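Asker: I have a structure I would like to understand better, so I am pasting it below and will then ask my questions one at a time.
The values are calculated or read from the model by the stated rules, or taken from the named source; none is laboratory data. Everything quoted here is computed from the prediction, not taken from an experiment. Neighbour counts run over all protein chains shown; Cβ positions are idealised from the backbone, glycine included. Heavy atoms of the whole protein, side chains included, go into the accessibility calculation; ligands, DNA and RNA do not. Shrake-Rupley method; radii C 1.70, N 1.55, O 1.52, S 1.80 Å.
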Amino acid sequence: RYFSRSIGNALRVLELLQESRVPLSLAEISRQTKLPKSSAFRILRTLEIAGYIQRVEGDRFCVMPGSGFPLNQKMKEVVEVSQPWMKHLSQEFRETITLACLLDHHIEVAAVIDSPQRVSMGNAIGNLIPPHASSLGKCIAAYQPDAQRERLLRSFSLVRFTPNTIIEEVALGEHLDLVRTQGYATDNEESATGGCCVGAPIFSRGATVVAALSISVPTMRFTNQELRIAAVKDAARAISEELRVKR
């Protein structure tokens with residue numbers, strides 16, 4: 001009853017620009033949102049003046065780095081859809097379940113369900129995730145275009161957390177290619193000694209990975225890896241399917 005069509009259309013434009021791998025033209029935005037060019041232009045000009053988007057390459061548009069607004073909207077939706085599946089994994093494995101989202105040029109923890117066990121691996125909402133040394137980060141980085149992957153790795157830097165951390169660029173590139181091929185990532189004491197995890201990517205539209213889901217386990221309980229991998233992949237796949245339907 002109180003829905004504002006103009007605000008809703010502006011949010012659609014923001015979401016489209018956020019998900020696009022390249023800046024979009026007015027014609028492309030009009031076609032993909034099914035908005036008249038005149039309406040799309042007014043929205044774009046308003047968002048540009050307000051500082052949420054910028055004009056690049058002549059007459060193409062992209063989200064302004066650090067604007068935050070469309071990124072937070074996307075994160076809220078991913079968290080909402082993921083919650084039931086996170087609870088399911090928590091009940092099945094009684095280990096820490098973490099959701100992380102891609103935000104601009106970094107990866108951030110968006111939701112956590114802590115393990116009820118005395119000895120467990122912890123995490124906290126807002127923590128930054130290393131794109132090279134965690135299952136969450138590797139799942140997201142592996143599916144990004146080359147330029148975006150490079151920005152993620154460069155912005156965090158290849159920090160060696162443990163002797164198992166992969167910091168050689170060639171070896172890391174090959175490892176991320178393997179993650180993409182197999183559809184999941186592992187962290188075998190690469191980000192913290194004594195802790196392991198398995199994670200799977202969450203897709204928003206097409207091949208666009210916007211988040212990842214993981215199960216974190218103390219090394220002493222890191223058994224039945226195949227079961228954990230299958231479960232986290234199934235959950236991530238279900239979340240991805242729901243996100244596609246919502247869009």
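Asker: From the list 205, 149, 228, 244, exactly one residue is touching an Asp or Glu at 6+ places or on another chain (Cβ under 9 Å), under 30 Å from residue 23 (Cβ atoms) and basic (Lys, Arg). Which is it?
Answerer: Every option except 205 fails the conditions.
Asker: Mind listing just one residue for me: the one in the range 22-59 that is among the basic types (Lys, Arg) and over 26 Å from residue 144 (Cβ atoms) and, of those, surrounded by the most Cβ atoms within 10 Å (Cβ to Cβ)?
Answerer: Here the answer is 42.
Asker: Here's something else I'd like to know. Cβ-Cβ below 6 Å, separation at least six or inter-chain, first residue in the range 136-151 and within 18 Å of residue 196 (Cα to Cα), second in a helix (DSSP H, G or I): which pairs?
Answerer: 138/179
Asker: Something else now. How many residues are touching a residue at least 60 places away in the same chain (Cβ under 8 Å) and not β-branched (Val, Ile, Thr) if we restrict to the range 211-232? Steps first, answer last, please.
Answerer: Start the filter on the range 211-232 by keeping residues that are touching a residue at least 60 places away in the same chain (Cβ under 8 Å), which leaves 211-218, 220-221, 228, 231-232.
Right, trim to not β-branched (Val, Ile, Thr) and you get 211-214, 216, 218, 220-221, 228, 231.
Looking only at that region, the number is 10.
Asker: Take the range 152-168 and flag every residue that is free of Cβ contacts under 8 Å to residues at least 12 places away in the same chain and either over 21 Å from the mean Cα position of the chain (by Cα) or in a helix (DSSP H, G or I) (or both). Working first, answer last.
Answerer: In the first step, residues of the range 152-168 are kept if they are free of Cβ contacts under 8 Å to residues at least 12 places away in the same chain; the result is 154, 157, 160, 163, 168.
If the condition is that a residue be free of Cβ contacts under 8 Å to residues at least 12 places away in the same chain and either over 21 Å from the mean Cα position of the chain (by Cα) or in a helix (DSSP H, G or I) (or both), then 154, 160, 163, 168 are the ones that fit.
Asker: Check the range 206-226 and report whether any residue there is assigned to a helix (DSSP H, G or I), among the β-branched types (Val, Ile, Thr), open to solvent by 60 Å² or more (accessible area, probe 1.4 Å) and out of contact with any strand residue (DSSP E or B) (no Cβ under 7 Å at 6 or more places or on another chain).
Answerer: Looking only at the range 206-226, we keep the residues that are assigned to a helix (DSSP H, G or I), and these are 219-221, 225-226.
Next cut, among the β-branched types (Val, Ile, Thr) only: 219.
Pick out the ones that are also open to solvent by 60 Å² or more (accessible area, probe 1.4 Å) and you get none.
Looking for residues that are assigned to a helix (DSSP H, G or I), among the β-branched types (Val, Ile, Thr), open to solvent by 60 Å² or more (accessible area, probe 1.4 Å) and out of contact with any strand residue (DSSP E or B) (no Cβ under 7 Å at 6 or more places or on another chain), one finds none in the range 206-226, hence no.
Asker: OK, next. So residue 215 ticks every box in (1) closer than 24 Å to residue 16 by Cβ; (2) more than 12 Å from the chain's Cα centre (by Cα); (3) β-branched (Val, Ile, Thr) but one. Which box is left unticked?
Answerer: So residue 215 meets the others, but not (1).
Asker: Is it the case that residue 183 is in contact (Cβ under 8 Å) with a residue 12 or more places away in the chain, on the phi > 0 side of the Ramachandran plot and either open to solvent by 70 Å² or more (accessible area, probe 1.4 Å) or small (Gly, Ala, Ser) (or both)?
Answerer: Yes: the conditions hold for residue 183.
Asker: Taking residue 79 and the conditions (1) surrounded by fewer than 18 Cβ atoms within 10 Å (Cβ to Cβ); (2) modelled with pLDDT under 90; (3) among the hydrophobic types (A, V, I, L, M, F, W, C), which numbered condition does it fall short on, given that it satisfies the others?
Answerer: (2)
Asker: Out of (1) free of Cβ contacts under 8 Å to residues at least 12 places away in the same chain; (2) crowded, with 24+ Cβ neighbours inside 10 Å; (3) not aromatic (Phe, Trp, Tyr), what's the single condition that is false for residue 198?
Answerer: For residue 198, the exception is condition (1).
Asker: Of all residues in the range 118-151, which are in contact with a helix residue (DSSP H, G or I) (Cβ under 8 Å, 6 or more places away or on another chain) and either surrounded by fewer than 22 Cβ atoms within 10 Å (Cβ to Cβ) or not in a helix (DSSP H, G or I) (or both)?
Answerer: 119, 128, 129, 130, 131, 132, 143, 144, 149, listed by residue number.
Asker: May I ask you to verify whether residue 237 is within 14 Å of the chain's Cα centre (by Cα), open to solvent by 30 Å² or more (accessible area, probe 1.4 Å) and among the basic types (Lys, Arg)?
Answerer: Here the answer is yes, as residue 237 does meet what is asked.
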